[in-house]
Amino acid sequence: MNCETIKKKVRGEIGKKILFYQNTGSTNTLVLGLADSSAEGLVIIADSQNKGKGRLGRTWWSPPEKNIYMSILLKPHIEHSEVTLITLMSAVACTTAIRKTTGLNATIKWPNDLIVSDKKIGGILTELKLKDKRITHAVVGIGINVNSGRTQLPEDIRETATSIKIEKGSAVSRERLISATLNEIDRWYAILKNGGKHILLEEWQGLSSTLGKKVTVVIGNRTLFGAAESVDGEGRLILRLASGKVEKIHSGDLTVLR
Ligand code: BTN
């Protein structure tokens, strides 16, 4: 990974300071540890992780030299109830960067999965630090499968995951995709902070491959079936159940039914 190339191409506040690690447990854990003493916009990028964290307590496959593992420190002035917007904002930024850099038709599966050809190409894990129920820090962790080949994917995700190289048929520059992603986060975070929540939500809806589909959502030990209708002003999924009842969901594990 050529760190100088990334630094040269990053334009805004997000990524003004970037730290690179050859290997670490988890870039999210590192940023959480530095959150109090660091300015908003700090980015940590690792070439590999040995304790990569996924959502819902899962592990994130993080082999060296192939993919993107990075975490960004934000200090948003938002209510706890609006934190899903940070994840949606990051998903819009990543999807846009993938589209611009690779030409692939990346979409978003609510709330945070980056999808190409119906398979997962990346994901976002947002972790929070709270004080008196207010958010002091949000750490946005981004993992994107870039140059891993099909046979390199672990067997348990080979059917459901993909990479940019698999989809495009050729390797792409991680540096280009990282800088494009950081520049898109800079742009969309500014829009969100400047009252542009509805612009963001509209963009998210346009990039989503979830809305209008029949889905199941697992929330703890509950499984809901219904139609994914829209997202509301807090980024909650509006799910219409067969009974006609509407559920508003902050977080869950969603599967699109075929
Ligand atoms: C998901 O489950 O879809 C979210 C995956 C997030 C993975 C990234 S890789 C960089 C950052 N550090 C971590 O430990 N996790 C996130």
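The values are calculated or read from the model by the stated rules, or taken from the named source; none is laboratory data. In this text, all values refer to a predicted model and were calculated from it rather than measured experimentally. FYI the Cβ positions are ideal-geometry reconstructions off the backbone, even for glycines, and counts take in every protein chain you see.
Just checking, which of Leu128, Leu153, Leu182, Leu192 is in contact with a helix residue (DSSP H, G or I) (Cβ under 7 Å, 6 or more places away or on another chain) and in the same structural domain as Ile78 (by TED's automatic domain parsing)? Result of the check over Leu128, Leu153, Leu182, Leu192: Leu192. Of all residues in region 1-14, those that are of a type outside the set (Lys, Arg) and free of Cβ contacts under 8 Å to residues at least 40 places away in the same chain total 1.
Of the residues making up region 120-138, those that are assigned to a strand (DSSP E or B) and over 18 Å from Ser37 (Cβ atoms) are Lys120, Ile121, Gly122, Gly123, Ile124, Leu125, Thr126, Arg134. Among residues of region 15-26 that are basic (Lys, Arg), those with a beta-carbon under 7 Å from a residue that is surrounded by 15 or more Cβ atoms within 10 Å (Cβ to Cβ) and not in a strand (DSSP E or B) at least six positions away or on a different chain give the pairs Lys16/Gly41; Lys17/Gly41; Lys17/Leu42. Scanning region 240-253 for residues that are buried (at least 16 other Cβ atoms within 10 Å of the Cβ) and either not hydrophobic (A, V, I, L, M, F, W, C) or not assigned by TED's automatic domain parsing to the domain that holds Gly226 (or both) gives Glu247, Ser251, Gly252. Checked against (1) near the ligand (Cβ under 10 Å from one of its atoms); (2) farther than 22 Å from Leu201 by Cα; (3) hydroxyl-bearing (Ser, Thr, Tyr), Thr87 meets all criteria but (2). The lone criterion from (1) in contact with an Asp or Glu (Cβ under 9 Å, 6 or more places away or on another chain); (2) within 13 Å of the ligand (Cβ to nearest atom) left unmet by Met70 is number (1).
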